[in-house]
Amino acid sequence: MELIDYSKNGKAVLEKLLEREAYPLVAVESVRRIIDDVRRNGDRALRRLTKKFDGAKIADFSIGPVERAAARRGLTPEIEKAFRRVADNIRRFNAPAMSSSWAADRGDGLLWGERVAPLDTVGVYVPGGTAPLVSSVFMGVVPARMAGVRRIVVATPPASDGTVNPFILAAADYCGAGEIYRVGGAQAVAALAFGTESLPRVDKIVGPGNIWVTLAKKEVFGRVDIDLPAGPSEIAILADSSCDPDLAAADLLAQVEHGPGGRAFLITTSRRLIEAVRKRLRSFASGAAGGPAAAAELKDSVFLVFVSGLKAGAELINRIAPEHLEIITSRPKSVLPGIKNAGAIFLGRFSPVAAGDFAAGPSHVLPTGGGARFFSPLSVNDFLKKSSLIAYNRRSLANDLNAIETMARLEGLEAHLLSARLRLAGRKRRKKA
C-alpha cells in the first residue's frame, strides 16, 4: 500500500501513477493472429484455438435445449429468486432510459426527427474460468431483450471437458438468450465479428473480458460495434472522518479480489482514517476474505491518499476518472456536483460497489483506465440505433436553398447544388415537357 500526501508532494507521484500503460505488443500481435486465423479458417481455427487455450475438444459449439433445460433444473429456489430480483432491477432501471422516435414540423413544412430501432443481432461475451461472471449475463442480455434485439448470442469459454459453467448457462437461458456457444477468448470475439460455419456474425459485441478479449474487441471495432474497451477493475473512495474504516477497507479489498492490474484508491481528508484503513486491510487480507494472493495485491494496487479538502478530492477523482466511485462522507449528495468523471457513483455508507456488481440495476459494464472521461456505462441505449428523419416540401427546401448553395460552393460540390435546384425547378420543367 502506498501512502500519498496529495496536499504536499503527491502531485508528481500521482501524475506518474495515472499514466496508462499501453497493451504489451506481444499480446496485440497474438490477438491479431488469432483474429486473422478465425476469419480465414472459421470453425477449424476455433476448434484448434479452443483446444490450445481451454484444453477442450469441441465438436459442437452450440449449446442446445437439452443442456439449457438441465442447467435450469439445477437452480435452487434461492438462486431463482435472486435471478428474478436482479433481472427485475435491471429492467426497472433501464425502462425510463429507453429513447423514443420523434418527429416535428420546423414551421415551414420541413419534417425532421429521429427514428429509433433495435439492433438486429448482438453478441454478449461472458467470462468463465476462475471467476464465472454470472451477473454479466444479466447485464448484457436483459437490456438487449428490452430494446427488442431480434437475435441475442451468448459466448462463454468452456472447461477442459467441453462444458460451460452451469450457472452461466442457466442464467443465459433464464434471461432469454436465443443462442449460447461454448467458445471464449479472442477467438470468440473474432467468430462473433466475422462469423464461422457454426456462429453467424453479429452487429455488436458487449461484455467484459480479459486483455485478450479487450484487444480483440478493439481490433474488430468498425467491422462490428463494441460497448467499450474494459480493463482491470478500479475503485476510488472519497471519504471524510465520518467513514467507517471497516467499510472502506472491505470495499478496497473487494476490488483487489478481481486480480492483478486493478487500482484501489482511498482519497480522504482524514489522516486517522488512512491509518485505520491500513490496519484493517492487513487484517482482512490475512483472513477468510483475503488470502495470500490478496495480501500480495495490496502492495501494488492500493493507494491511500490524503487531500486537504473534499473539493481537492473531487478534483483528483475527475483526473483519475475511476470505474467505480464511492462517496462516503457526512453529506455525500453535497459532494456530487463536483464529480464529472466516474463510471458508476455510489452514495453513502449503504451503497457498496458489490451491489452495483450484482443486483442494483445499472450495468457493471463500465469504462476503466480513465475512460469515464468519455465513455458511459452499458445500458439499454447501447442496443438501440437512430436514423435521422428529413422530409422537405417545396417551401421548406426553398427556405434552405441559399444555405445549401453557399455550403456546396465552399466545398466545391456543384452537383450537390444542382440536385437541390432541380427539385424546385421540377414543376416548370414538367410543364414544358
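Residues of region 98-121 being under 20 Å from the mean Cα position of the chain (by Cα) and closer than 23 Å to VAL153 by Cβ, which ones?
We begin by selecting, within region 98-121, every residue under 20 Å from the mean Cα position of the chain (by Cα); these are 98-99, 118-121.
Within region 98-121, MET98, PRO118, LEU119, ASP120, THR121 meet the criteria.
Give the residue, chosen from GLY231, GLY261, that is touching a residue at least 24 places away in the same chain (Cβ under 8 Å), closer than 18 Å to GLY371 by Cα and crowded, with 21+ Cβ neighbours inside 10 Å. I'd like the intermediate steps shown before the answer.
Details: GLY261 fails: crowded, with 21+ Cβ neighbours inside 10 Å.
On inspection, the qualifying residue turns out to be GLY231.
Considering each of LYS299, LYS204, LYS279 in turn, give the residue that is in contact (Cβ under 8 Å) with a residue 40 or more places away in the chain, of a type outside the set (A, V, I, L, M) and surrounded by fewer than 16 Cβ atoms within 10 Å (Cβ to Cβ).
Answer to the check: LYS299.
Condition test on LEU347, is it exposed (fewer than 15 other Cβ atoms within 10 Å of the Cβ), at pLDDT 95 or above and not β-branched (Val, Ile, Thr)? Spell out how you get there, then give the answer.
Numbers: exposed (fewer than 15 other Cβ atoms within 10 Å of the Cβ): no; at pLDDT 95 or above: yes; not β-branched (Val, Ile, Thr): yes.
Spelling it out, it is not the case that LEU347 is exposed (fewer than 15 other Cβ atoms within 10 Å of the Cβ), at pLDDT 95 or above and not β-branched (Val, Ile, Thr).
Residues of region 100-114 being assigned to a strand (DSSP E or B), of a type in the set (A, V, I, L, M, F, W, C) and surrounded by 13 or more Cβ atoms within 10 Å (Cβ to Cβ), which ones?
Narrowing region 100-114 to residues assigned to a strand (DSSP E or B): 102-105, 111-114.
Those left that are additionally of a type in the set (A, V, I, L, M, F, W, C): 102-104, 111-112.
If the condition is that a residue be assigned to a strand (DSSP E or B), of a type in the set (A, V, I, L, M, F, W, C) and surrounded by 13 or more Cβ atoms within 10 Å (Cβ to Cβ), then LEU111, TRP112 are the ones that fit.
Which condition from (1) touching a strand residue (DSSP E or B) at 6+ places or on another chain (Cβ under 6 Å); (2) closer than 29 Å to ARG33 by Cβ; (3) surrounded by fewer than 18 Cβ atoms within 10 Å (Cβ to Cβ) is the one that SER198 breaks?
Every condition holds for SER198 apart from (1).
Please go through region 271-304 and give me each residue that is charged (D, E, K, R), modelled with pLDDT of 80 or more and touching a helix residue (DSSP H, G or I) at 6+ places or on another chain (Cβ under 7 Å), ordered by number. Break it down stepwise before answering.
First, the residues of region 271-304 that are charged (D, E, K, R): 271-272, 275, 278-280, 282, 297, 299-300.
Okay, now just the ones that are also modelled with pLDDT of 80 or more, so 271-272, 275, 278-280, 282.
Correct list: ARG280 only.
For residues that are in contact with a Gly (Cβ under 7 Å, 6 or more places away or on another chain) and in a loop (DSSP other than H, G, I, E, B), scanning just region 115-141, find the one that is nearest to GLY178 (Cα to Cα).
Within region 115-141, the first condition is being in contact with a Gly (Cβ under 7 Å, 6 or more places away or on another chain), and the residues that meet it are 118, 124-128, 136, 140-141.
From what is left, the residues that are in a loop (DSSP other than H, G, I, E, B) are 126-128.
Values: VAL126: 15, PRO127: 18, GLY128: 19 Å.
Here the answer is VAL126.
Being in contact with a strand residue (DSSP E or B) (Cβ under 9 Å, 6 or more places away or on another chain) and not aromatic (Phe, Trp, Tyr) is the filter here, so list the residues in region 72-108 that pass it. If you could, list the steps in order and put the result at the bottom.
Initially, region 72-108 is screened for residues in contact with a strand residue (DSSP E or B) (Cβ under 9 Å, 6 or more places away or on another chain), giving 98-106.
Residues satisfying the conditions are MET98, SER99, SER100, SER101, ALA103, ALA104, ASP105, ARG106.
Name every residue in region 310-365 that is closer than 15 Å to ALA236 by Cα and without any contact (Cβ under 8 Å) to a residue 12 or more places away in the chain, in order of residue number.
LEU336
Being surrounded by 13 or more Cβ atoms within 10 Å (Cβ to Cβ) and not β-branched (Val, Ile, Thr) is the filter; apply it to region 74-84 and report the residue that is farthest from the chain's Cα centre (by Cα).
LEU75
The values are calculated or read from the model by the stated rules, or taken from the named source; none is laboratory data. All values derive from a computational prediction rather than experimental measurement. When we count neighbours, we look across all protein chains shown, and the Cβ atoms used for this are built from the backbone with ideal geometry, even at glycine.
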